[in-house]
Amino acid sequence: MKNVPAGYLHPSAAYTIKRAQIKRYQYLDKVPEAGDVVYGRVVALGHHRYLENCHGRIHSLLDGSRAVFVYGNRYAPDHYEGAVPDSPSATVDLLARSGVVGVVRQRNSVLQHPTRIRVLGYVSDASGRMLNTRDYPLITPRGHVKKTHRSKMILVIGTSMNSGKSITAAACCWALAAMGHTVRASKITGTASLKDILRMNDSGASVVNDFTHLGHPSTYLLDETELLHIFNRIDLKYANSPKNYWVVELADGILQRETEMLLASRDVQSRIYRLVFSASDALGCVGGLTVLRERFGLEPDAISGVCSSSPLARQELERFTSIPVFNNMECDLKQISELVL
């Protein structure tokens, strides 16, 4: 067992692990699990050449850069599908700039091959206990039963990855905060990344959090019970006051496994106060509205996303739906307030 030397990078995927806990490492012939923390170095630069730390700062990666990393899965149609290896491996792929590592199963052909990491060992604390992010949740609700009257939940969903959901969620936070309301914001599913919740914080949300606060480097391949556990724990902790608003984002699109599970859940549907649907283009939006209606029995209160910034896309939408559209890039306070209050 060796001491982890000073100067390593501490990525956002290890959000629940304090720097003071990271003491030693040793190479073990162990099958990795999601959340296991390892110490490693970059041996081949590929697509990811930056690493986001646990404060949101972006570090440049170089050949030989050393950091702690976290085993996890990833679902990203625009990037990679990756998974925790099912056997010990000396080298792994960097799946996200937040420090999630695993093995790429599929990649979008527009991307380079992934950055490769040599695993030097599993990380342990001063007592020799191996660190796993899931063992150190930061969200601990006092009770287990929700009050009847709770914060009004504005749920932001979309057609796909990069459809504009996070900017839409931030626009909702901005409008509500500008009107004097207390807003809290959460991202329930996805892969570790502080960028989205920090944008919501910048836009006026007084409290922001996501699944990494419960120790999950990602939510891909979690079962329905664990997904609802994440949703309900955050709800219990941060959405108790009926005077407040709770803006919630679900990652990826409505056809993605975990998003489907949550949208079909009574726990989630019963909490929706306003539903905002983001889309990349008009045709995708029309198809998405059909899926929401037929698969989940849901009708959005508003449409936004990438398509909302295009006058032509909005004109196309008007031929198929009367649901109001708001431009999340040029926010109109009066318009958004009418849609979310």
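Numbers below:
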quantity	calculated
Residue match in the stretch 331-340 (condition: among the polar types (S, T, N, Q), assigned to a loop (DSSP other than H, G, I, E, B) and in contact (Cβ under 8 Å) with a residue 40 or more places away in the chain)	no
Residue list for the stretch 107-134, filter: aliphatic (A, V, I, L, M), surrounded by 15 or more Cβ atoms within 10 Å (Cβ to Cβ) and closer than 18 Å to residue 25 by Cβ	117, 119, 120, 123, 130, 131
Options 104, 68, 92; residue that is buried (at least 20 other Cβ atoms within 10 Å of the Cβ), among the hydrophobic types (A, V, I, L, M, F, W, C) and under 18 Å from residue 212 (Cα atoms)	68
Subset of the stretch 221-244 (residues that are touching a Phe, Trp or Tyr at 6+ places or on another chain (Cβ under 8 Å) and closer than 16 Å to residue 152 by Cβ)	235, 238, 239
Lone qualifier among 166, 160 - being in a loop (DSSP other than H, G, I, E, B), outside the structural domain of residue 19 (by TED's automatic domain parsing) and either under 21 Å from the mean Cα position of the chain (by Cα) or closer than 30 Å to residue 300 by Cα (or both)	160
Given (1) surrounded by 16 or more Cβ atoms within 10 Å (Cβ to Cβ); (2) among the hydrophobic types (A, V, I, L, M, F, W, C); (3) part of a helix (DSSP H, G or I), number of the condition residue 298 does not satisfy	(3)
The stretch 301-330: number of residues that are at negative phi, assigned to a loop (DSSP other than H, G, I, E, B) and touching a helix residue (DSSP H, G or I) at 6+ places or on another chain (Cβ under 8 Å)	10
Condition met for residue 56 (loosely packed, with under 15 Cβ neighbours inside 10 Å, under 14 Å from residue 10 (Cβ atoms) and either over 18 Å from the mean Cα position of the chain (by Cα) or in the same structural domain as residue 13 (by TED's automatic domain parsing) (or both))	yes
Residues of the stretch 323-341 classified as under 13 Å from residue 279 (Cα atoms) and among the small types (Gly, Ala, Ser), total	0
Options 205, 170, 185, 175: the member that is farther than 22 Å from residue 55 by Cα and modelled with pLDDT of 95 or more	175
Single match in 74, 57, 134 (criterion: basic (Lys, Arg), free of Cβ contacts under 8 Å to residues at least 12 places away in the same chain and closer than 28 Å to residue 209 by Cβ)	57
Flag if residue 12 is surrounded by 15 or more Cβ atoms within 10 Å (Cβ to Cβ), in contact with a Lys or Arg (Cβ under 9 Å, 6 or more places away or on another chain), polar (S, T, N, Q) and more than 16 Å from residue 133 (Cβ to Cβ)	no
Flag for residue 206 being over 11 Å from the mean Cα position of the chain (by Cα) and not assigned by TED's automatic domain parsing to the domain that holds residue 83	yes
Selected residue (criterion: surrounded by the most Cβ atoms within 10 Å (Cβ to Cβ)) from residues of the stretch 192-241 that are among the charged types (D, E, K, R) and farther than 27 Å from residue 84 by Cβ	235
Residue among 313, 264 that alone is buried (at least 18 other Cβ atoms within 10 Å of the Cβ) and modelled with pLDDT of 95 or more	313
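The values are calculated or read from the model by the stated rules, or taken from the named source; none is laboratory data. Model, not experiment: these values are computed from the prediction. Heads up, the Cβs are rebuilt from the backbone with ideal geometry, glycines too, and the neighbour counts pull from every protein chain shown.
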